[in-house]
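In what follows, a single structure is set out as structure tokens and then discussed.
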Amino acid sequence: MRLFVSVDLPDDLAEPVADLQDEFADASGLTFTDPEQAHITMKFLGDVEEDRLPALERELAAAVEDADIDPFSVRYGGLGVFPSPDYISVVWLGVEQGGEELTRLHEAIEERTTAMGFDAEDHDFTPHVTLARMEHAGGKELVQELVRERDPTVGETRVEELRLTESTLTDEGPVYSTVESFPLE
């Protein structure tokens, strides 16, 4: 199973995410993510044997407990790119509010999953929603201009749970399904 831990955006933010993606429509080289599946990846786990699932679920529940965070609000806004404006591989929507709580959750998840043998992150955690991936640099200048000049706010929502999500790769793109939910208390 190909798994990651996520905070999913609610259905009512899919349209504002799609509208924001439309602003990048003329930038050649971009492949857009499905706004119906918009999420913040808290930890990518990769391929996980099914027999590891019970232990992983226990550790993720413990990570939520370790972080000791009540449900909180996240406001999605701002734009950015990874790894840099000169070499763009990902265009993302940022977090204007709730970043501190997301980071604390990420750190607790990271500690528990690396103790289980999952790879440690090799970069700092930046809470974000991936809007598009850049396959070639044809539209790079337009992307740079939009990221520099636009500062959109897409919406706000309550985060009440983390999800262990399975990603099934298909010809039409990845399909996500929830394996388990971990409520914040």
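The values are calculated or read from the model by the stated rules, or taken from the named source; none is laboratory data. All values derive from a computational prediction rather than experimental measurement. Virtual Cβ from ideal backbone geometry, glycine too; neighbours counted across all protein chains shown.
Which residues, taken from segment 126-143, are in contact (Cβ under 8 Å) with a residue 60 or more places away in the chain and either surrounded by fewer than 20 Cβ atoms within 10 Å (Cβ to Cβ) or more than 26 Å from LEU13 (Cβ to Cβ) (or both)?
The answer is THR130, ARG133, GLU135, HIS136, ALA137, GLY138, LYS140, LEU142.
Looking only at segment 169-185, count every residue that is at pLDDT below 95 and either more than 16 Å from PHE44 (Cα to Cα) or more than 16 Å from the chain's Cα centre (by Cα) (or both) and tell me the total.
Number of matching residues: 6.
Taking segment 1-38 only, how many residues are touching a Ser or Thr at 6+ places or on another chain (Cβ under 7 Å) and surrounded by fewer than 18 Cβ atoms within 10 Å (Cβ to Cβ)?
Residues meeting the conditions: 2.
If you scan segment 33-66, which residues turn out to be under 22 Å from ASP171 (Cβ atoms) and not in a strand (DSSP E or B)?
THR33, ASP34, PRO35, GLU36, GLN37, ALA38
Restricting the search to segment 107-124, which residues are over 18 Å from ALA55 (Cα atoms) and in contact (Cβ under 8 Å) with a residue 60 or more places away in the chain?
Residue satisfying the conditions is GLU121 alone.
Conditions first: (1) more than 14 Å from the chain's Cα centre (by Cα); (2) within 19 Å of LEU164 (Cβ to Cβ). ILE88 passes all but one, so which condition is the exception?
For ILE88, the failing item is (2).
Looking at segment 74-101 only, could you name the residues that are closer than 27 Å to VAL179 by Cβ, out of contact with any strand residue (DSSP E or B) (no Cβ under 6 Å at 6 or more places or on another chain) and touching a residue at least 60 places away in the same chain (Cβ under 8 Å)?
None; the set is empty.
Tell me yes or no: at least one residue of segment 81-98 is touching a helix residue (DSSP H, G or I) at 6+ places or on another chain (Cβ under 7 Å), outside any strand (DSSP E or B) and surrounded by 18 or more Cβ atoms within 10 Å (Cβ to Cβ). Before the answer, list the steps.
So the first thing to find is which residues in segment 81-98 are touching a helix residue (DSSP H, G or I) at 6+ places or on another chain (Cβ under 7 Å), and the list is 81, 85, 88, 91, 93, 95.
Now narrow it down to the ones that are outside any strand (DSSP E or B): 85.
From what's left, surrounded by 18 or more Cβ atoms within 10 Å (Cβ to Cβ): none.
No, segment 81-98 contains no residue that is touching a helix residue (DSSP H, G or I) at 6+ places or on another chain (Cβ under 7 Å), outside any strand (DSSP E or B) and surrounded by 18 or more Cβ atoms within 10 Å (Cβ to Cβ).
Of all residues in segment 39-63 being exposed (fewer than 14 other Cβ atoms within 10 Å of the Cβ) and small (Gly, Ala, Ser), which is nearest to GLU100 (Cα to Cα)?
By that ranking, first place goes to GLY46.
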